[in-house]
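J.: First the structure, then my questions, so here it is.
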Amino acid sequence: MTSRMIVIGAGLSGLMSALALAEAGLRPLLLAKGYGTTYWTGGTIDLLASRRYPNMPLHTALTHLIVAQPEHPYARMELDGIAAAVDRFRTLTKAAGYPYVGGLERNVVLPTALGALRPTALLPATMAAGDVRLGGEILIAGFHELRDFFPPMAAANLQAQHIPARGVYLTLPDGYQRHDYSPRSFALWFEQPNFRQAIGQQLRTLRGTATRIGLPAVLGLRDPLGVVNDLQQISGAQIFEIPTLPPSVPGMRLMNIFHQAITVAGGRIQIGSEVRRGLGAEGVLTHIFSEAAAREQRHHVAACVLATGGIAGGGISTDFRGTVHETALNLPLHAPESRQAWFASRFLHTEGHPIFSAGVPTDDQFRPLDSTGHVVYANVMVAGSALLAGDPVEDRAVSGLALTTGWHVGTLLATSLPAQLAT
Amino acid sequence: MTRTQQLLQTDVLIIGGGATGLGAARDLAMRGIATILVEKGDLTHGTTGRYHGLLHSGGRYVIKDPQSATECAHENRILRKIMPQYIEATGGFFVTTPWDDPDFGDKFMQACHATDVPVQEISVDEALRREPALNPKISRVFEVEDGAADSFMSAYGIARSAREHGAQILNYHFVKGLIREGERVVAAEVEDLRTGEIKRIGATWILNAAGAWAGKIAALAGLRVDVVPGKGTMIAMNHRMVNTVINRCKMPDDGDIIVPIHTVAVIGTTDIAVPDPDVYGIEPDEVTFLMEEGEKLIPGFTRYRALRAWAGVRPLYKQEGVTDDRDLSRAYVLIDHAKRDGIDGLLSIVGGKWTTYRLMAEEIVNVVAARLGNTTPCRTAEEVIPGGEAQQLYWLGHNLAHVEQHQAFGELICECELVTREQVLDAIAQSGAANLDDIRRETRLGMGPCQGGFCTYRAAALWSEWRTARDHDVHVPYNGHGNGQHQPDASEPNDPGTELLRHFLQARWKGLTAIMWGDQLRQARLDQLIYLDTLGIDLLPDAAGEDPELVTHHPAIATEYHV
């Protein structure tokens, strides 16, 4: 069997790595247990909005972090590395008809489904009219049948923050009643012109003095921009999407785009293959073993990107004795010593919970290190939430960290290991 | 806050909204005696809502506490008749594991016979056929009539019945003082925690049914009741690896029982005396110990997902001369303060089990009724508690059957426990829920493996819409057409449901950290992604002022955990 470039994990970091490797002509194989956390998050790309760097534009905050935390992945990529990844992501999504707006200069602030004001660096164009700086009254509209979006609650919280808002419920047109509803079923309905027409008319009637209308992020899977444009035409107001609870329709859109791009570039994605262990010799990873249908499959490794995620993604597991474990290759981790030190006393603790900062320490080439500071495998690089990078949720950097490190590591690997790959 | 003093007068005032107090309220009301019950938290806030849910066969006490064993066996039969909708007839095994004295079984059998606790020895093969997850190395198995009881829902059922008979049940009413006139306790000064209002409730008799808090209540009248709050920690595992209650066949000890209840199996318990029933925590080594003991009964136990850990405080009455708290009797004690202390008007009842709540209520009500000259006999042993889906024993499939019959898949607010929108709205409307825990206790919302990740947001929003509709007379339809609209103005604080949500997330965390590892930790991280990353709850400003209707932070009902 010939050795391959392997990417483990199908979240944003794994997908970006696989894309970089595929575009370099290296025909990567992406192995993943499932579709990853992409389906769990709202589809915006959050680079940084940390309490540690308050009241400054995004660009300045990133610069501060790079100086203050030289071992942070962002510092290892530097601003140029971050920008390169963002550029590639923007051209990718634009080409797929699902363009993102925003960038490294400053964060855009968008209303959440709870009516909070949330900063993000990059957002799909379908969310752009949510930008709070645009002013004017906002109408938040949803459906009783979609149980994960409550317009009156979001509107009340926006009002409390001095943003004029109203929350209303829409009525499902006749013929769309079901025994159960999911975000995906709504997304498919919004692709039907009749459904859009009926909803657009209701929005027109209900909008009153509102100039913008926020809807749950379920406005179509394949052509959400078309759906938004159409609803704008009919309703006479600007339309924007608001992400809500998983499964995330924006996440599904991204997954489709990546799947297409990676496959076209010569990569392969194999979902349902959980990597359980690796085998190495003399500081080089030679094989990994995945499990599918209760059988073990052996893969000969040329080089590998570990993009399995953190505790949410399943890349890091824990047990009741307080052991913290990297699940795919059993790499050494930095984690709190004992269970007593894992948590702060409050869920919404501003410093986060220490256990969620667990991660794989790496060198500046993103290669895993052992406790003595030596590289474990020279042909393995780590990306995304598996990295030691503080608590990305507290830093509001989950998707940004995944996207940028994924691309960076993919391109790094594509350029740094010609010798091994030639064999 | 208003602090006007309101005067109420009744024949009997009961302090404590656990099983015993509620049972007494129903009994009194059924005998036509005017009754008010006050509880500082929601009903079952105390120990009733914090135990493993065992309906005792009596087996656990046959050797150490024979009187309690006989009472349990007797009441077990009665409760199955009068409140079947809250009881699952799981049956129970006492099993001899390799860590237990093999001769204990003979003593156990004899003691069961001596105390009228029905028992039969069955073969190990038969036991393993019925419970394949049990440790195959067990050597003897004794079958008893243990069951699982829903202490939350039954409390609401008893309270409903008591109200129908005329009792007033007041939750979130905190007793601040007992008022004495000479050698008689004549009234209680009570604060309504929702409004801040102080009420003086005069009563001919006051029943102190405050359980582990009975000592604190008695002290308000200058009297002494020695209650040793015995903290017991339990862990609910997200799997019914057994459908029968499993006990170790040995002297009762820590971590020797597994109770299958609803969708989970609960392992219990530890027993640590704590100085104050309001201040205790769950220690990591207690949790580790319980997990390892579980492994002895069910190999692979530690690989299941631990859902939550909690601790309750047993209301053990301290007699003279007992040194080990586990040796304190589980039997109950009725204290007539007129006889013991020369102070009339107050009776205390302490000790006992959930299983014997009805008997305890009957006994104390007999005393009170006699003194009030009421000769109506007690009917609680015969009269069935109404309510519930059907007058039959509860079984696990009830909720699913309900959802299927009503084709309510699209109406599920809590997917883990199959709680529908209608059930949540009913619970809100009936109780006027003062926090999400109230809804949880009545519906099991948020008790499943997602830790409330999805349903908490939904329930908080539904509560908020219900409140808006009530306060602004706006119809917010939930299963039909229309557009209930209320335009809040900028002077209003945050949406009220948001405070509810924030409080629930914070409070729940305390109970979760003790068992947070593996998939539970992963789930917690997903919930962080939902509430912080997607919803940005941490970015909302704090509420402008306290919402008086939300009882969330009041010190009287805050239990301090130290994890």
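J.: Give the number of residues within segment B:413-446 that are in contact with a strand residue (DSSP E or B) (Cβ under 6 Å, 6 or more places away or on another chain), among the β-branched types (Val, Ile, Thr) and in a helix (DSSP H, G or I).
T.: Matching residues across segment B:413-446 total 2.
J.: Given the conditions (1) away from chain B (no Cβ under 13 Å); (2) crowded, with 17+ Cβ neighbours inside 10 Å, and given that residue A:175 satisfies all but one, which numbered condition is not satisfied?
T.: Residue A:175 satisfies all of (1) away from chain B (no Cβ under 13 Å); (2) crowded, with 17+ Cβ neighbours inside 10 Å except (2).
J.: Those residues that are surrounded by 14 or more Cβ atoms within 10 Å (Cβ to Cβ) and either at pLDDT below 95 or of a type outside the set (S, T, N, Q) (or both), I need them from segment A:192-212; list them, please.
T.: If the condition is that a residue be surrounded by 14 or more Cβ atoms within 10 Å (Cβ to Cβ) and either at pLDDT below 95 or of a type outside the set (S, T, N, Q) (or both), then A:195, A:196, A:198, A:199, A:200, A:203, A:204, A:206, A:207, A:210, A:212 are the ones that fit.
Here's the yes/no breakdown for (1) among the hydroxyl-bearing types (Ser, Thr, Tyr); (2) on the phi < 0 side of the Ramachandran plot; (3) not assigned by TED's automatic domain parsing to the domain that holds residue A:148:
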position	(1), (2), (3)
A:9	no, no, yes
A:19	no, yes, yes
A:32	no, yes, yes
A:37	yes, yes, yes
A:46	no, yes, yes
A:58	no, yes, yes
A:63	yes, yes, yes
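J.: Name the residue that is surrounded by the most Cβ atoms within 10 Å (Cβ to Cβ), counting only residues in segment B:35-57 that are hydroxyl-bearing (Ser, Thr, Tyr) and closer than 24 Å to residue B:368 by Cβ. Walk me through it before giving the result.
T.: Initial filter on segment B:35-57 (hydroxyl-bearing (Ser, Thr, Tyr)): B:35, B:44, B:47-48, B:51, B:57.
Now drop any that are not closer than 24 Å to residue B:368 by Cβ, which leaves B:35, B:44, B:47-48.
Working: B:35: 29, B:44: 25, B:47: 26, B:48: 23.
Here the residue is B:35.
J.: May I ask you to verify whether residue A:404 is at the interface with chain B (Cβ under 9 Å from one of its Cβ atoms), buried (at least 22 other Cβ atoms within 10 Å of the Cβ) and hydroxyl-bearing (Ser, Thr, Tyr)?
T.: no
J.: As an exercise: evaluate residue B:483 against (1) at pLDDT 70 or above; (2) within 25 Å of residue A:243 (Cβ to Cβ) and give the number of the one condition it does not meet.
T.: Unmet condition: (1).
J.: Would you check if residue A:372 is of a type in the set (Val, Ile, Thr), assigned to a loop (DSSP other than H, G, I, E, B) and more than 14 Å from every other protein chain (Cβ to nearest Cβ)?
T.: Taking the combined requirement at face value, the residue satisfies it.
J.: For segment B:438-459, which residues satisfy the criterion of being within 20 Å of residue B:159 (Cα to Cα) and of a type in the set (Val, Ile, Thr)?
T.: Across segment B:438-459, the qualifying residues are B:439, B:443.
J.: Would you mind finding the one in A:156, A:128 that is within 14 Å of chain B (Cβ to nearest Cβ) and either surrounded by 17 or more Cβ atoms within 10 Å (Cβ to Cβ) or touching a residue at least 40 places away in the same chain (Cβ under 8 Å) (or both)?
T.: So the residue among A:156, A:128 that is within 14 Å of chain B (Cβ to nearest Cβ) and either surrounded by 17 or more Cβ atoms within 10 Å (Cβ to Cβ) or touching a residue at least 40 places away in the same chain (Cβ under 8 Å) (or both) is A:156.
J.: Residues that are within 14 Å of another protein chain (Cβ to nearest Cβ): find the strands (runs of 3 or more DSSP E) completely inside segment A:195-301 holding 2 or more of those.
T.: Those strands (runs of 3 or more DSSP E) span A:212-216, A:238-242.
J.: For segment A:235-255, what are the residues that are in contact (Cβ under 8 Å) with a residue 40 or more places away in the chain and polar (S, T, N, Q)?
T.: If the condition is that a residue be in contact (Cβ under 8 Å) with a residue 40 or more places away in the chain and polar (S, T, N, Q), then A:238, A:244, A:248 are the ones that fit.
J.: Can you tell me which residue is nearest to the other protein chains (Cβ to nearest Cβ) among those in segment A:313-335 that are under 17 Å from residue A:376 (Cα atoms) and not in a loop (DSSP other than H, G, I, E, B)?
T.: A:325
J.: Kindly list the number of the only condition in (1) within 20 Å of the chain's Cα centre (by Cα); (2) more than 9 Å from chain B (Cβ to nearest Cβ); (3) closer than 21 Å to residue B:532 by Cα that fails for residue A:113.
T.: Answer for residue A:113: the failing condition is (2).
J.: Would you be able to tell me the number of residues in segment B:503-522 that are among the aromatic types (Phe, Trp, Tyr) and over 23 Å from residue B:438 (Cα atoms)?
T.: Residues that pass the stated criteria total 1.
J.: Test of understanding: among A:343, A:347, which residue is farther than 25 Å from residue A:122 by Cα, surrounded by 15 or more Cβ atoms within 10 Å (Cβ to Cβ), free of Cβ contacts under 8 Å to residues at least 12 places away in the same chain and in the same structural domain as residue A:300 (by TED's automatic domain parsing)?
T.: Numbers: A:343 fails: free of Cβ contacts under 8 Å to residues at least 12 places away in the same chain.
Unique residue meeting the criteria: A:347.
J.: If you check residue A:310 against the conditions, is it within 14 Å of chain B (Cβ to nearest Cβ) and touching a residue at least 12 places away in the same chain (Cβ under 8 Å)?
T.: Judged against the criteria, residue A:310 is a match.
J.: Please report, ordered by residue number, the strands (runs of 3 or more DSSP E) entirely within segment B:248-363 with at least 1 residues that are of a type in the set (Phe, Trp, Tyr) and in contact with a Cys (Cβ under 7 Å, 6 or more places away or on another chain).
T.: Counting at least 1 such residues, we get no strands (runs of 3 or more DSSP E) at all.
J.: Working only within segment A:194-218, note down all residues that are among the charged types (D, E, K, R) and either closer than 21 Å to residue A:183 by Cα or outside the structural domain of residue A:175 (by TED's automatic domain parsing) (or both).
T.: Within segment A:194-218, the subset among the charged types (D, E, K, R) is A:196, A:204, A:207, A:212.
Scanning segment A:194-218 gives a single hit, A:196.
The values are calculated or read from the model by the stated rules, or taken from the named source; none is laboratory data. What you see is a predicted model, and the numbers here were worked out from it, not measured in a lab. Cβ atoms come from the backbone with ideal geometry, glycine included; neighbour counts cover every protein chain shown.
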